[in-house]
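Encoded as structure tokens, the structure appears first; notes follow it.
The values are calculated or read from the model by the stated rules, or taken from the named source; none is laboratory data. As the structure is a computational prediction, the values presented were derived from the model and not from experiment. No Cβ is skipped: glycine too gets one built from the backbone with ideal geometry, and neighbour counts run over all protein chains shown. Side chains included, ligands, DNA and RNA excluded: accessible areas come from the protein's heavy atoms. Shrake-Rupley method; radii C 1.70, N 1.55, O 1.52, S 1.80 Å.
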Amino acid sequence: MVAAAERGHTRWGIVLPFLALPVVVLGVLIIGLFLWAWSDDDEPRGDARTGAAATVPCTEALAFGAAERPAHARAHDCTVQRGIDTSYSAVLRMPREDVRDWLRETYPDAPEPRTGGGACGALCLDVTHENGLPGTAEAHVVQVRVEHVNAETALVRFSAFTM
């Protein structure tokens, strides 16, 4: 009787590791596949928890709002934030005399830019698909705020976002 019990116990001691191995391997593969699918590292997102933005090429930021970098402008500080909505921003330094022409060429069907102080700065333009945003724009709204740095230079803050 003792021999039969030992024999059965020995068999399970050998078989169990072979049965557990596929379960462990399958579990690791499933968890790995889940983590791979959950991580979306293809595009810069920024940190949704802290609101931090990710740096992107300025051509990408401007293109989201159907714009191109003006010929004599220096673009910098171009970022994207993604979450429920997407928001791109760019800062341009350009000759003051070129700003209105660039806005007219970029958004020919938009209303005339507003002038005034306060939050608007020297010049403001808000464009939506209803009032002149080109159909090629991925953004729903484009906002342009212009500040005069000196007699020749303007600082243009460009933002394009979805709602």
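Residues checked against (1) open to solvent by less than 80 Å² (accessible area, probe 1.4 Å); (2) touching a strand residue (DSSP E or B) at 6+ places or on another chain (Cβ under 8 Å); (3) not hydroxyl-bearing (Ser, Thr, Tyr):
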residue: 89; (1), (2), (3): yes, yes, no
residue: 97; (1), (2), (3): no, no, yes
residue: 111; (1), (2), (3): yes, yes, yes
residue: 116; (1), (2), (3): yes, yes, yes
residue: 120; (1), (2), (3): yes, yes, yes
residue: 124; (1), (2), (3): yes, yes, yes
residue: 134; (1), (2), (3): yes, no, yes
residue: 151; (1), (2), (3): no, no, yes
residue: 159; (1), (2), (3): yes, yes, no
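Strands (runs of 3 or more DSSP E) fully within the range 107-163 that include at least 1 residues being touching a Pro at 6+ places or on another chain (Cβ under 7 Å) and over 16 Å from residue 73 (Cβ atoms): 123-128.
Within the range 136-149, the set of residues being open to solvent by 70 Å² or more (accessible area, probe 1.4 Å) and either on the phi > 0 side of the Ramachandran plot or of a type in the set (S, T, N, Q) (or both) comprises 136 only.
Just to be sure before I move on: is residue 99 over 12 Å from residue 156 (Cα atoms), of a type in the set (Val, Ile, Thr) and not in a loop (DSSP other than H, G, I, E, B) in the structure I sent? Taking the combined requirement at face value, the residue does not satisfy it.
One residue alone among 55, 50, 106, 86 is of a type in the set (S, T, N, Q), more than 24 Å from residue 129 (Cβ to Cβ) and at pLDDT 75 or above, and that residue is 55.
Could you tell me whether residue 119 is of a type in the set (Gly, Ala, Ser) and modelled with pLDDT under 95? Answer is yes for this residue. Going by what's in this entry, would residue 26 be described as modelled with pLDDT of 75 or more, hydrophobic (A, V, I, L, M, F, W, C) and either surrounded by 10 or more Cβ atoms within 10 Å (Cβ to Cβ) or over 12 Å from the mean Cα position of the chain (by Cα) (or both)? Yes: the conditions hold for residue 26. Condition first: surrounded by 14 or more Cβ atoms within 10 Å (Cβ to Cβ), more than 25 Å from residue 153 (Cβ to Cβ) and touching a Gly at 6+ places or on another chain (Cβ under 9 Å). Now tell me which residues in the range 67-86 satisfy that. Hits for the range 67-86 are 80, 81, 82.
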